[in-house]
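The values are calculated or read from the model by the stated rules, or taken from the named source; none is laboratory data. Everything quoted here is computed from the prediction, not taken from an experiment. Heads up, the Cβs are rebuilt from the backbone with ideal geometry, glycines too, and the neighbour counts pull from every protein chain shown. Note: areas computed on protein heavy atoms with side chains; ligands, DNA, RNA excluded. Shrake-Rupley method; radii C 1.70, N 1.55, O 1.52, S 1.80 Å.
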Amino acid sequence: MTQTQTEPTAPESPAGAVADAARTRTFSWSDPLRNAAALGTMTGLELLHAMGRGELPAPPVMHLLGMDSVQAEEGRVLVTMRAQEFHYNPLGGVHGGILATLLDTAAACAVHTTLPAGTGYTSLDLTTKFLRPVTVGSGVLRCEGTVISRGRRTALAQAQLTDEQGRLLAHATSTCLIFEAPAA
């Protein structure tokens, strides 16, 4: 599927404001049920590696937000994304919800790398601390998620978000519920 988003022109501009040229963004994504079907036959780490090799499509949220890559190993995931203007809030910085999504993705996918085939997970909570503002000047964002503790039914993970200069921008912890995945 493909979607194009065009920035609407404001019907009323403040006095003296110069009209901005419209900005357009087009992105595509594949059927997310392909990955759900693979959940029953691949471990979490195998699934993430298959996505990294292009054998399975990346989840639609990666295309929506413009996430670049996911690198995975047992108990650890690295997600990268360039801070872009379409991530901005009304104050001229990347919206905290975008950053929280990136942190949640890294932490939860780190948990996913520890799961056997046929096992799913979902985030129960996400505690986030924003430490610095993020703008397009932050460049490529690196978000590393690691598993702190994994039990039979829950796992605790953390994620750290840094900018191109390696400065810590945000930190999060997440608890994930582990469950038997429903048949696709």
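Between Ala50 and Arg23, the modelled labels are 3.6 nm apart [label points 7 Å from Cα along Cα→Cβ]. For the chain, the longest principal axis of the Cα atoms and the long axis of helix 96-112 meet at an angle of about 20 degrees.
Summarising the amide proton neighbourhood of Gly120: residues at separation of 5 or more, or on other chains, whose placed amide H is nearer than 5 Å comprise Phe179, Glu180, Ala181.
Assuming R0 = 25 Å, what is the FRET efficiency of Glu85 and Leu131, from their Cβ-Cβ distance, to the nearest 0.05?
0.70
Measuring how big the stretch 56-149 is from its alpha-carbon positions, Rg and Dmax come out at 13.7, 44 Å.
Size of the stretch 30-94: Rg and Dmax of its alpha carbons, in Å, are 14.0, 45. Here is the P(r) of the chain: all C-alpha pair distances, binned every 10 Å from 0, give 9, 33, 33, 17, 5, 2, 0 in whole percents. In the stretch 42-116, what percent of the accessible surface is made up of carbon and sulfur (1.4 Å probe, ligands and nucleic acids excluded)? Here carbon and sulfur together make up 57 percent of the probe-accessible area. Model label points for Thr154 and Ala181, set 7 angstrom from Cα along the Cα-to-Cβ axis, are 2.4 nm apart. In the context of the full set of protein chains, residues of the stretch 145-184 present 54 Å² of accessible surface per residue (probe radius 1.4 Å, heavy atoms only). Calculated mean residue ellipticity at 222 nm for the chain: -6000 deg cm²/dmol, from DSSP H runs with n ≥ 4 weighted as -39500 (n - 2.57), summed, divided by the residue count and rounded to 500. In this Cβ point-charge picture (+1 for Lys and Arg, -1 for Asp and Glu), the chain has a dipole of about 340 debye about its Cα centre.
Along the axis of the charge dipole computed for the chain (Cβ charges of +1 for Lys and Arg, -1 for Asp and Glu, origin at the Cα centre), the listed residues Ala50, Thr122, His63 are led at the positive end by Thr122.
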